[in-house]
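Here is the structure we will look at.
The values are calculated or read from the model by the stated rules, or taken from the named source; none is laboratory data. Since the model is a prediction, treat every value here as computed from it, not as a measurement. So basically every Cβ, Gly included, is an ideal-geometry build from the backbone, and we count neighbours across all protein chains shown. For the accessible areas, the whole protein counts, side chains as well, though only heavy atoms, and no ligand, DNA or RNA atoms are used. Shrake-Rupley method; radii C 1.70, N 1.55, O 1.52, S 1.80 Å.
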Amino acid sequence: MKFLNATALSVLLATSALTTDLHAQELTMAVSAQSAGQLDPHVSTRTEDKIVFGMVFNGLVRFAPGSMSGEDIEPDLAESWETSEDGLVWTFHLRQGVQFHGGYGEMTAADVVYSLTRAADPDRSGVSSDYTQFASVEALDDYTVQITLAEGIPSLLGVVANYHGGNIVSARAAEEMGENFHTNPIGTGPFAFDELAEGQFVRLVANPDYFRGAPEIDSITIRYISSASARDLAFQTGELDMIAGTREDRWVTNMTETGEAVVDVFEPGELRTLHINAAMPPFDDIRVRQAVAHAVNREELVAFMGASVARANEAPVPDGYLGHNADVTFLAYDPERARELLAEAGYPDGITVPVAITERASLFAPMQVLQAQLAAAGINVELEVMEHSAWHAAIRDDVSSMVLYGAARFPVADTYLTQFYHSDSIVNTPTAVTNFSHCDVADDQIVQARSEADMDMQMALWADAQQAIVDEVCSIPLFELLQVFARSPDVDLGYELEGSLSLGPVITEQSTLAD
Amino acid sequence: MAGFILRRLLSTIPTLLGVLTIVFVMIRVAPGDPALAILGDNASQEALDAFRERMGLNDPMWVQYLDFLRGIARGSLGESMISGTPVLTSILEVLPYTLELALGAVFFGVVIGTPLGIMAALKRNGWLDYLLRVVSLVGLSFPAFLTAILLILWLAIDWRLFPVISTPTGGIGDRLYNLFLPALSLGLIMVAYVMRTARSAMLDVLGEDYIRTARAKGAPMRRLFLHHALRNALIPIVTVIGLYFGLMIGNAVLTEIIFNRPGLGKLIVLALNQRDYSTLQGLMVFSAFLVVMVNLLTDIAYGLVDPRVKLK
């Protein structure tokens, strides 16, 4: 009997050892979207696509996993680089022997030249404006690339990092597939694209030839589930190993309390800003804009969103971005003063303004809090609630007197300042981006800072620009909302997650999944 | 019969054309921008413009309309603005999942609804009848998404019998397992419809003279019921199934979203949110065609169940 037991036990052990060995490590995560967009890093800037790019592609340099700080930029496809004294000529020395997925051969300087040229071409790229200062990109030999700039830019390493246009694609694959590249993207990353089921999922498989070593995890399925409760439920039942969370205190607490989840709260903070349309009366009067600024209570907003996921910010550029001005002087919460200003401007009985807002809770909920705060100071906001993409179109048509907008951008002050506050970016113009306020008081500082070689001077210009924007009350920066994900304790990312420009916990070759 | 089908098909052309025009105009009147939806909210203006130009969105509306009609006339539903895949391919890819779901729902509806309805008719005004009538009223008033959520809570979360996300892949066993919850939640509405119809149809038939005659002749209850009554009661039930099969495809939208199942409904919502004009148009044309076909098949089914119905 004992013998039998022992045999049974050893057989059991042997088989379980065998099954662990054979058991493929398959990780399933869900993000908040209805489908993948176009899986081409030069085309799509959509949140849900970024995490795929972060696993499939590499740049010349990269932000170390778990960080989005410019100080943590490290070699990726380039092993080393040097720059000319004026900062206009950059030479990158490529790593040798890096293979593209799907047998597309070795990555060489030709692929880098092709990729950066493609990223700069508005016909093939959604991020071409980042590369307007690129005078030329040349291959000096198979493993050396030289970039020449027409004018200095704030962060060259930033635009050749593993973020959007900096991702290197296989020239041969992109040429062969043409417009279909986005349904079969070919990169050099730890995971290779395997399958796309529209409206359902994207599947990635481990790239055994990855130059940093083969990944521990065999495959990743990224499911697109737009309903937060459906994600939460499927996570609870163990169908999902990792999910995009809801950016609320309550959610973080509930998830943490289950004891079966690790909640990651990380950078970048998406800054929520109330842009005030100065081209639309009564906001053409600065006193009315100042009244709005005095009526807003940031502390209350942060308390509403929850201190674990939100933090107040008074500067137009988010915290953690290179050039953020932490010492900006701003108009403090003072509803009495707001009423006085309105009366001075000729509105003793207050004002009523129409405001378009998306139906999505992440903006709609704080807008309702703002509505109540403003009403207390005599500013009545009539909300026109719209379907999300209709709202995006409407605010770009310049029809809303105030626009509450949330965004995370490349973490250098220039990006934020240019897109939201440079007069070229004013909405409803041929060069429009997202300047909803018609702000034009900081153009000079923004432009000068771009090519300023002296770092201190550059920082001073950016600080100056932010102060000018706050003084003019182009907008009222409110609070930042951090990124939130939950993962099963079985998932070990293999790095400390403090920030992610991919807006999600990227799985690397070192990440593991316990059984 | 062939002539009947051909005439019916021809008569659908004006209907389809009307649907096409309405859809074409409505989605363009609705605010929103496919370029923005695809490229993301911080895409540069020049990239957005280049995209619109490439997709022909800068052409005058009537040019776009003619292009669209020309495509349809050639039998092409066009290509998705987002993925570039032919719309018909996307539809055919997910159609089996929606059909599977609608069939599953009809299955539950018929299998549960018919016997209950007949039982209610046989025990007319008894407690069972009252109970079933109340239940079916509740069933009719329950929105599909609510039943779906309740079923998920009980069967997937509390008892962990079925998955929360319904993934229709794998072998037939896996597929049925994944289909069970969505089909049941959708089928419960169908149960209510079928039950009410079956009850009243059965009551009608049971009141007919020939039933009284058969009864007077001393026909056994079993034979009376199976041979004389049931077959005649089936006609309205078949109509309801045909009618509601179309409705099930419509209701499948919500069910598919709640269970995260691929299908026509999910495709429609996706295309709507992304302002993927070509996919939406193609889907609407296809759905209209589907409804017409189901109606046609229902008419044909009449002929099979009831020889008195002549298909001319």
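For chain A, just say rounded, prolate or oblate: build the C-alpha gyration tensor, square-root its eigenvalues into a ≥ b ≥ c, call rounded for a/c under 1.5, and beyond that prolate if a/b exceeds b/c, oblate if not. Don't skip to the end; give the middle numbers.
Working: a/c = 2.28, a/b = 1.37, b/c = 1.66.
Because a/c hits 1.5 or more and a/b fails to exceed b/c, chain A counts as oblate.
Taking a virtual spin label 7 Å from the Cα of A:Ser229 along the C-beta vector, which residues in segment B:260-293 bring their backbone nitrogen under 16 Å of it?
Under 16 Å, as judged by backbone N against the label point of A:Ser229, lie B:260 of segment B:260-293.
In straight Cα distance, which aspartates and glutamates are under 20 Å from B:Lys123, not counting same-chain residues fewer than 8 positions off?
Reachable aspartates and glutamates: B:Asp204, B:Glu208, B:Asp209.
For the pair B:Arg223 and A:Arg311, how long in nm is the line joining their label points, each one 7 Å along Cα→Cβ?
8.8
Determine the shielding of peptide A:123-129 by partner chains: average, over its residues, the number of Cβ atoms on other chains within 10 angstrom of each Cβ. Don't jump to the answer; show the numbers that get you there.
On the way: counts 6, 2, 6, 12, 6, 5, 6.
Average neighbour count from other chains, rounded to a whole number: 6.
Could you order the peptides A:97-110, B:192-205 from most to least packed, using the average number of other C-beta atoms within 10 Å per residue?
Going from most to least packed, we get B:192-205, A:97-110.
Segment A:299-371: which GluC sites (Glu not before Pro) are DSSP loop and have at most 12 other beta-carbon atoms within 10 angstrom? Can you show the working numbers first?
Values: sites: A:Glu299, A:Glu300, A:Glu314, A:Glu336, A:Glu340, A:Glu344, A:Glu359; in loops: A:Glu314, A:Glu359.
Hits after loop and neighbour filter: A:Glu359.
Antiparallel DSSP bridges in segment A:345-422: what percent, to the nearest 5?
Values: 0 of 8 bridges.
Given both bridge residues lie in segment A:345-422, the antiparallel proportion sits at roughly 0 percent.
Run the numbers on segment B:180-308 and let me know its relative contact order in percent, using alpha-carbon pairs under 8 Å that are six or more apart. It would help to have the intermediate numbers written out before the result.
On the way: 87 pairs, mean separation 35.8, N = 129.
Relative contact order comes out at 28 percent.
For B:Lys266, list the aspartates and glutamates whose Cα falls under 18 Å from its own Cα; do not include residues on the same chain fewer than 8 positions away.
Those aspartates and glutamates meeting the cut-off are A:Glu48, A:Glu198, A:Glu387, B:Glu79, B:Glu93, B:Glu100, B:Glu256, B:Asp276.
Under a 5 Å amide H to amide H cut-off, with H placed in plane at 1.01 Å, what residues pair with B:Glu79 once short-range neighbours are removed?
B:Val87
Which angle between 0 and 90 degrees, to the nearest 10, do you get for helix A:286-295 versus the longest principal axis of chain A when only C-alpha atoms count?
Roughly 60 degrees, rounded to the nearest 10.
Given the rule -39500 (n - 2.57) for each run of at least 4 DSSP H residues, summed and divided by the residues of chain A, what is its mean residue ellipticity at 222 nm, to the nearest 500 deg cm²/dmol?
Details: 15 runs with 158 residues, N = 515.
After summing the helix terms and dividing by the residues of chain A, the value is -9000 deg cm²/dmol.
Antiparallel as a % of all DSSP beta bridges within the protein assembly as shown, to the nearest 5?
Antiparallel bridges: around 75 percent, rounded to the nearest 5.
Going by alpha carbons, how many degrees (0 to 90, nearest 10) lie between the helix axis of A:2-22 and the longest principal axis of chain A?
Here the helix axis deviates by roughly 50 degrees.
When Cβ neighbours within 10 Å are restricted to other protein chains, what is their mean count per residue of peptide A:334-343?
Working: counts 0, 0, 0, 0, 0, 0, 0, 0, 0, 0.
Per residue, the number of nearby Cβ atoms from other chains is 0 on average.
Scanning chain B for helices, which whole DSSP H stretches are 20 Å or more long along the axis (Cα) and average 1.6 or more by Kyte-Doolittle?
Details: long enough: B:2-29 (41 Å, 1.72); B:87-122 (50 Å, 1.77); B:127-141 (21 Å, 1.29); B:172-206 (43 Å, 1.04); B:231-258 (38 Å, 1.52); B:277-305 (42 Å, 1.53).
The qualifying helices are B:2-29, B:87-122.
Could you tell me whether segment A:269-482 comes out rounded, prolate or oblate from its Cα gyration tensor? Rule is a ≥ b ≥ c as square roots of the eigenvalues, rounded for a/c under 1.5, then prolate if a/b exceeds b/c, otherwise oblate.
Details: a/c = 1.41, a/b = 1.38, b/c = 1.02.
Rounded is the answer for segment A:269-482, as its axis ratio a/c remains below 1.5.
Please give the peptides A:264-273, A:194-203 ranked by average Cβ packing (other Cβ atoms within 10 Å per residue), highest first, as a rough proxy for protection. Numbers along the way, then the final one.
Numbers: A:264-273: 22.2, A:194-203: 20.6.
Those peptides, ordered most packed to least, come out A:264-273, A:194-203.
Please give the net charge around A:Phe479, taking every other residue with its beta carbon less than 9 angstrom from that of A:Phe479, where Lys and Arg add +1 and Asp and Glu add -1. Don't skip to the end; give the middle numbers.
Working: positive: A:Arg272, A:Arg298, A:Arg311; negative: A:Glu480.
With Lys, Arg at +1 and Asp, Glu at -1, the neighbours total +2.
Across peptide A:192-200, what mean number of C-beta atoms from other chains lies inside 10 Å of a residue's C-beta? Kindly include the intermediate steps, with their values, before the conclusion.
Numbers: counts 0, 0, 0, 0, 1, 5, 12, 14, 10.
So the per-residue partner count for this stretch is 5.
Give me the extension gain from B:Leu10 to B:Arg212: residue separation times 0.36 nm, minus the current Cα-Cα distance, reported in nm with one decimal.
Details: separation 202, 0.36 × 202 = 72.72 nm, distance 4.46 nm.
That works out to 68.3 nm of additional length.
Return one number: the angle in degrees, 0 to 90 and rounded to the nearest 10, between the long axis of the Cα atoms of helix A:361-376 and the longest principal axis of the Cα atoms of chain A.
Taking Cα atoms only, the helix is inclined about 20 degrees.
Note down the nm distance, to one decimal, between modelled labels 7 Å out along Cα→Cβ at B:Met293 and at A:Glu138.
Between B:Met293 and A:Glu138, the simple spin-label model gives 6.1 nm.
How about segment A:206-260: which GluC sites (Glu not before Pro) there are in a DSSP loop, with at most 15 other Cβ atoms within 10 Å of their Cβ?
Numbers: sites: A:Glu216, A:Glu239, A:Glu248, A:Glu257, A:Glu260; in loops: A:Glu216, A:Glu239, A:Glu248, A:Glu260.
Here the GluC sites (Glu not before Pro) that fit, given the DSSP loop and packing criteria, are A:Glu260.
Segment B:13-53: which residues show an accessible-area loss of 40 Å² or more, assembly versus chain alone, 1.4 Å probe?
Flagged in segment B:13-53: B:Leu36, B:Ile38, B:Leu39, B:Asp41, B:Asn42, B:Ser44, B:Gln45, B:Glu46.
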